[in-house]
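The values are calculated or read from the model by the stated rules, or taken from the named source; none is laboratory data. All values derive from a computational prediction rather than experimental measurement. Here Cβ is always computed from backbone atoms with ideal geometry, including for glycine, and neighbour counts include all displayed protein chains. Side chains are part of the model used for accessible areas, which takes the heavy atoms of the whole protein and leaves out ligands, DNA and RNA. Shrake-Rupley method; radii C 1.70, N 1.55, O 1.52, S 1.80 Å.
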Amino acid sequence: MAFGRAGFVTFRAAVIIGSVSAAIALIALWSTTSRQRMQLAEEDVAGLGHVDDYALQLTRRLVTTLSESPPPESRSDLLKAYAASDVAAAEYPASLNSWDVRGKPIAEFEVAPTTPDSAAVINAVLESIATKQPVTKSVLGVTGVQILAAVSHPTGGATSVLVLPRTRLVTANPYAALLGMAPPSGGDPPYAVALTDLSPTVRADTTRVRWHRIGNELHGDRLISTSAGTVRAHVEIDLRSLWARGERGVIVLLFDLLLAGLLWLLGALTEKGFIRWLRVRVAKWIYTYHARLTLALFAFFVIPAIAFAVWSYQRLRGDDLQTREALVHETLRAVAAGNEYTQLSGAARRFETPLFLYSNGLLDRTSDSVLDGLAPTGRALPPAVELRLGTAGELSAAWESTLGDSKLLFGYSAVLGPAQERYILAAPARSDDLVLDRRRRDLGMLVLFATAAGALAALWLSGIAAKRLARDLELSRIEVARAERVLAWGEMARQVAHEIKNPLTPIRLGVQHLRRARSDPRQNFDAVLNENVRRILAEIDRLDEIARSFSRYGSAPADLPPAVDVDVAAVVKDVVGLEQMGDRKVKWQLRGADRPAWALARKDEMRDVLLNVFENARLAGARQVEVTLRDEDRRVIIETRDDGSGISPAVLPRIFEPHFSTRTTGSGLGLAVTRRLIEAWGGQIAITSEEGKGTRVLILLARSEP
């Protein structure tokens with residue numbers, strides 16, 4: 001480009017450049033992602049040691065709303081108050097409690113499991129009841145700094161709110177979807193936080209997180225203050241193994257290359273003539289043996305790989321569901337063994353899962369009063385579960401229920417109560433099982449990587465195999481063509497010898513006759529000489545015609561002179577005129593030659609072609625020959641129809657073969673040479689015939705502008 005020449009990049013160079021660029025971008029992306037995860041972890045740990053001003057503002061709004069509302073008297077009322085607040089919209093975990101005028105708890109609702117400082121909460125509630133004013137302050141909890149608020153109600157009692165920081169130290173409620181809240185987000189967490197005791201072997205301070213790397217993990221530590229004293233906040237960031245990162249890198253690299261190719265294709269589509277160029281190139285490539293063999297081998301490798309990938313994905317998903325079902329059914333069997341149907345709340349706390357009890361196909365009670373009122377899955381059993389457990393007599397079943405935008409897997413088990421009454425016990429599967437989720441994602445990524453790598457390897461290997469097989473096949477074709485050519489030229493030599501032998505016999509007999517006539521005074525030597533010279537010259541002309549015919553047929557297409565602009569109408573008119581003068585028994589009709597018709601041909605060769613076609617019609621016993629000249633679809637068409645004897649269906653496929661003839665005279669090269677000449681001009685010839693009714697010859701030539 002710098003020297004005024006157009007730049008050009010080959011496809012291989014473009015792929016290499018794109019791959020290297022994408023690899024560098026991926027390395028930079030991994031580095032940036034790791035730094036961002038470290039930054040998020042540092043912000044999370046830092047938030048444990050100071051008050052979140054935004055959370056404090058939202059808490060004050062919630063306190064104001066509670067002071068203007070009737071006092072909540074149940075867990076459902078507390079859930080409504082939290083769900084309608086900005087604290088819930090900002091996804092801050094919180095714990096709400098309702099208290100009577102003596103400071104005794106009435107109801108409690110926790111968004112996430114918490115361990116509050118009970119003394120601090122009670123003191124804030126009593127202070128609010130005594131002063132009739134809201135109390136808002138920060139306190140130290142087991143997770144660091146927390147916001148505690150209490151508000152008294154004019155009718156008596158109070159409500160306390162404990163807002164925790166947004167941190168991964170607080171475990172999300174895995175059954176939040178049952179309460180109408182957003183379930184825990186899927187995917188690998190960017191980091192993990194835990195609180196542990198101080199260790200003299202670990203360097204940590206209160207100002208920042210100190211990082212160090214162990215294997216494929218980053219570890220960080222910082223000291224924070226809690227209600228239990230100063231503890232160490234330990235952070236872990238899983239960087240994944242080099243193999244796992246390599247899998248994802250290859251998949252992202254292939255996606256980047258595919259996206260770049262699509263963008264290039266979209267840009268190229270705007271170029272004039274690109275679509276036609278692409279269609280021509282694809283059509284030219286797709287019909288080659290190498291392309292077909294490559295595609296066939298590629299499909300042979302890829303189709304089983306894709307089928308295996310689909311099967312593996314379905315199997316992984318099925319295994320995941322089966323594992324979750326097994327865990328739920330184990331929990332249900334343990335609950336059923338304790339026979340605690342009247343104390344579902346205690347069993348739910350012990351097994352850390354909500355429980356549902358159905359009787360006669362309807363929800364009888366749950367382990368939580370909130371769930372009693374909400375009935376998130378409906379009051380009736382799912383029909384499929386009812387059929388399986390009630391009608392089919394099965395002991396367990398599973399069903400995936402849709403709760404808003406999320407889905408939750410439930411396990412159902414048929415049990416007997418103390419009085420042998422029949423119940424169906426149900427429990428949901430956890431939606432935050434990171435081990436199962438990670439295993440499923442890792443296996444899915446491995447299958448995807450194997451499929452992509454297998455597809456690329458299949459394409460590469462199929463290309464190599466196709467190239468080698470195509471080369472071997474091409475060599476075989478060359479050998480077969482050479483052998484066929486040797487046989488053909490051997491047959492041609494035999495035919496040439498046979499054709500030359502026929503004229504030589506009359507020439508030899510004529511010369512012998514002259515020698516006898518010269519020594520015989522009884523014969524008129526001059527008359528004999530003239531007669532034999534005439535015959536010898538005729539046979540010499542015949543030899544010359546045979547030589548020219550074989551020479552034309554044996555010439556390679558590249559050796560033939562190129563086609564030029566020829567007025568086909570003039571040539572056709574001239575040849576038809578000659579035929580009309582030569583044989584008065586045949587009636588010739590010419591149409592469409594009243595104006596010039598220019599096409600690509602050669603004038604002399606065109607005359608020979610027409611003479612051969614017309615001569616065949618005359619020798620077939622035709623009494624009427626119609627010649628029509630017309631322009632059609634950028635072509636000049638010469639159509640000849642005769643009412644001669646026609647050609648039998650058994651002979652018609654062989655009429656263009658060299659040295660094939662239905663007559664005892666002639667070289668058998670007339671139509672073979674005719675087709676060779678017409679195809680050299682870029683035209684076509686087609687012959688149809690019906691025995692006893694005549695023949696139709698169609699010559700199509702490329703039209704030209706003189």
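For a test of the definition: using alpha carbon positions, the gyration tensor, and the 1.5 limit on a/c, classify the stretch 90-238 as rounded, prolate or oblate. Oblate. Look at the dipole of the chain built from charges on Cβ: of VAL121, VAL235, PHE308, the Cα furthest out on the positive end belongs to PHE308.
Figure note: PHE301, PHE351 ranked by solvent-accessible area, largest first, 1.4 Å probe, ligands and nucleic acids not counted: PHE301, PHE351. Computed about its Cα centre, the charge dipole of the stretch 163-215 is approximately 200 debye, with only Lys, Arg, Asp and Glu carrying charge at their Cβ. Annotation: HIS50 carries an accessible surface of approximately 100 Å², with a 1.4 Å probe and no ligand, DNA or RNA atoms counted. Phi-derived couplings, Karplus 6.51 cos²θ - 1.76 cosθ + 1.60 at θ = phi - 60°, listed residue by residue for the stretch 651-657: 8, 3, x, 10, 5, 8, 6 Hz, with x used for Gly and Pro. Amide H contacts of GLY141 (H built 1.01 Å from N, in plane; Pro and chain starts excluded): GLN146, SER227 sit under 5 Å, all sequence-distant by 5 or more or on other chains. Over the chain, DSSP H runs of length four or greater, each weighted -39,500 (n - 2.57), average out per residue to a 222 nm ellipticity of -17000 deg cm²/dmol. The largest accessible area among GLU605, GLU127 belongs to the first residue in GLU127, GLU605, and the rest follow in falling order (1.4 Å probe, all chains).
Give a quick list of GluC sites (Glu not before Pro) in the stretch 32-72 that DSSP marks as loop, anything other than H, G, I, E or B, with at most 15 other Cβ atoms within 10 Å. When the GluC sites (Glu not before Pro) of the stretch 32-72 are filtered for loop state and at most 15 Cβ neighbours within 10 Å, GLU68 remain. Each of ILE214, VAL163, ALA194 was placed along the dipole of the stretch 162-281 (beta-carbon charges, centred on the mean Cα), and the one lying farthest toward the positive end is ILE214. Only Lys, Arg, Asp and Glu carry charge here, each on its Cβ (+1 for the first two, -1 for the last two); on that basis the chain has a dipole of about 3180 debye about its Cα centre.
The overall shape of the stretch 326-400, judged from the alpha-carbon gyration tensor, is oblate: a/c is not under 1.5, and a/b is no greater than b/c.
Close amide H contacts of LEU590 (hydrogens built in the peptide plane, cut-off under 5 Å, sequence separation of 5 or more or a different chain): VAL627.
In order along the stretch 525-536, the Karplus-derived 3J(HN,Hα) couplings, from 6.51 cos²θ - 1.76 cosθ + 1.60 at θ = phi - 60°, round to 5, 5, 5, 5, 5, 4, 5, 6, 4, 4, 5, 5 Hz, and Gly and Pro are given as x.
Our estimate of slack between GLU691 and LEU56, defined as 0.36 nm per intervening residue step minus the Cα-Cα distance, is 218.1 nm. Annotation for VAL20 and GLU352: the two label points, set 7 Å from Cα along the Cα-Cβ direction, are 5.2 nm apart. In the chain, taking the dipole from charged Cβ atoms about the Cα centre, the farthest positive-side position among VAL280, PHE109, GLY346 is held by VAL280. Across the chain, the relative contact order, built from alpha-carbon pairs under 8 Å that are at least six residues apart, equals 8 percent.
Within the full protein context, the accessible area of PHE300 is estimated at about 140 Å² for a probe radius of 1.4 Å.
Taking ARG508, ARG522, ARG696 and ordering them by how much accessible surface each has at a 1.4 Å probe, largest first, produces ARG522, ARG508, ARG696. The H on the amide N of GLU217, modeled in the peptide plane, is under 5 Å from the matching H of LEU239, each at least 5 residues off or on a different chain.
Model label sites at ALA84 and LEU266, defined 7 Å from Cα along the beta-carbon direction, differ in position by 4.7 nm.
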